[in-house]
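Engineer: Below you'll find the structure I mean.
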Amino acid sequence: MPEEMIGYKILELSLSDIIFPKDELRTKIFFEDLDELARSIRTVGLLNPITVRPSGDKFELIAGFRRLKACEIANLAVVPCRVVDSDDMRADLQKLHENMFRESVNPVDEGNFFKRLLIKNNWRIVDLSVQIHKSPSYVSRRIQLTEADPLIVSALADNQINLSIADELNRVDDPDTRSRLLHYAIHSGATVETVRSWRVQYEMDSHMMPPVPNVDPLAPPDTDPVAAAGLPKFGEEGYPTRKVEEHIKESRPCFSCMNDIDTRDLYTMFLCPSCRAVIEKSLRPESTHEDPAPAAKSIEKEIV
């Protein structure tokens, strides 16, 4: 079929004539992944042309960001391009289809781009899902990342965790616990099943805590807040009125020096029994190769 009949034409364009769009789908490019592609382009050329559209006296890139970057690394003077006539909405959809079905895109980048499309085109989630042939849950799951914990979003964008682990961590409502579990997940290489078990255990522990009395903040000043909350008065409670605060510090012994170290500062190693015995012998020749002491958990109680 002649190329003119299917809405595009192939031209060889100078790299200086190609500009990047304002709303780019990808925010991070790992250039080490492009070296192999650049070597291939130097050897056999660019087999799959990039897609552009006219923009004034230049051409705006629609699809092929990684290929264009690889062409720059390969020092090509001209690049084969598929030139199409597309409006803004069609160009945005072409970016999505090119990247989602041909090149992997980080879920964080997808979520940010999805959100921009909803606002830009006044779409609902179901409208966008129809356009990209994905389920509404696929779209909403990624859009939710735009308002998630920044630490989790950053780890996901850097490929330190996957989307399923990020979903589990975002369900933890306590910021400190969420940060601690994220640290464990990154440094231990935990699977989503492990992280889910951490989250479930946290929720069970949270439900076991005694409820906080619901005192009406709008109660008149002369109203006794203890009576308003339905609590027993002093001398009628039947238990001490002292408040006990617990400060918990989790630590484990270092494998080398055997000093108790905060678990946030420890690193995980996966060793077979033979390698472990060799390392133990080199670090502690007098050791009998007994298992390290169990995790130490010290609780300091301060009575107020």
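The values are calculated or read from the model by the stated rules, or taken from the named source; none is laboratory data. Remember, predicted model here, so these are calculated numbers, not experimental data. Here Cβ is always computed from backbone atoms with ideal geometry, including for glycine, and neighbour counts include all displayed protein chains.
Engineer: How do the helices (runs of 4 or more DSSP H) wholly within the range 100-174 filter down when requiring 3 or more residues that are within 11 Å of the chain's Cα centre (by Cα): which remain?
Structural biologist: Numbers: elements: 107-121, 125-132, 136-143, 150-157, 163-170.
Those helices (runs of 4 or more DSSP H) span 107-121, 150-157, 163-170.
Engineer: Could you pull out the residue among Val84, Val44 that is under 26 Å from Phe114 (Cβ atoms), of a type in the set (A, V, I, L, M, F, W, C) and modelled with pLDDT under 90? Before the answer, list the steps.
Structural biologist: Details: Val44 fails: under 26 Å from Phe114 (Cβ atoms).
On inspection, the qualifying residue turns out to be Val84.
Engineer: Is one or more of the residues making up the range 196-214 among the small types (Gly, Ala, Ser), in contact with a Ser or Thr (Cβ under 7 Å, 6 or more places away or on another chain) and modelled with pLDDT of 60 or more? Spell out the reasoning first.
Structural biologist: Residues of the range 196-214 among the small types (Gly, Ala, Ser): 197, 206.
Checking the rest, the ones that are also in contact with a Ser or Thr (Cβ under 7 Å, 6 or more places away or on another chain) come to none.
Within the range 196-214 (the criterion being among the small types (Gly, Ala, Ser), in contact with a Ser or Thr (Cβ under 7 Å, 6 or more places away or on another chain) and modelled with pLDDT of 60 or more), the answer is no, since none of the residues qualifies.
Engineer: I would also like to ask the following. Just a yes or no: is a residue in the range 148-162 surrounded by fewer than 17 Cβ atoms within 10 Å (Cβ to Cβ), among the hydroxyl-bearing types (Ser, Thr, Tyr), free of Cβ contacts under 8 Å to residues at least 40 places away in the same chain and touching a helix residue (DSSP H, G or I) at 6+ places or on another chain (Cβ under 6 Å)?
Structural biologist: no
Engineer: Now a separate question. Please verify whether the range 109-132 includes one or more residues that are surrounded by 19 or more Cβ atoms within 10 Å (Cβ to Cβ) and either at positive phi or β-branched (Val, Ile, Thr) (or both).
Structural biologist: no
Engineer: Yes or no: the range 186-195 includes at least one residue that is in contact with a helix residue (DSSP H, G or I) (Cβ under 7 Å, 6 or more places away or on another chain), among the hydrophobic types (A, V, I, L, M, F, W, C) and not in a helix (DSSP H, G or I). Outline the logic, then answer.
Structural biologist: In the first step, residues of the range 186-195 are kept if they are in contact with a helix residue (DSSP H, G or I) (Cβ under 7 Å, 6 or more places away or on another chain); the result is 186, 190, 192, 195.
Those left that are additionally among the hydrophobic types (A, V, I, L, M, F, W, C): 186, 190, 192, 195.
Still in the list and also not in a helix (DSSP H, G or I): 190.
Yes, some residue in the range 186-195 is in contact with a helix residue (DSSP H, G or I) (Cβ under 7 Å, 6 or more places away or on another chain), among the hydrophobic types (A, V, I, L, M, F, W, C) and not in a helix (DSSP H, G or I).
Engineer: Any chance the range 218-225 includes a residue that's modelled with pLDDT under 90, surrounded by fewer than 13 Cβ atoms within 10 Å (Cβ to Cβ), among the polar types (S, T, N, Q) and out of contact with any Phe, Trp or Tyr (no Cβ under 6 Å at 6 or more places or on another chain)?
Structural biologist: Yes, the range 218-225 contains a residue that is modelled with pLDDT under 90, surrounded by fewer than 13 Cβ atoms within 10 Å (Cβ to Cβ), among the polar types (S, T, N, Q) and out of contact with any Phe, Trp or Tyr (no Cβ under 6 Å at 6 or more places or on another chain).
Residue-wise test of (1) at pLDDT 70 or above; (2) part of a loop (DSSP other than H, G, I, E, B); (3) surrounded by 11 or more Cβ atoms within 10 Å (Cβ to Cβ).
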{"position": "Cys257", "(1), (2), (3)": "yes, yes, no"}
{"position": "Ile261", "(1), (2), (3)": "yes, no, yes"}
{"position": "Cys275", "(1), (2), (3)": "yes, no, yes"}
{"position": "Ser287", "(1), (2), (3)": "no, yes, yes"}
{"position": "Asp291", "(1), (2), (3)": "no, yes, no"}
{"position": "Pro294", "(1), (2), (3)": "no, yes, no"}
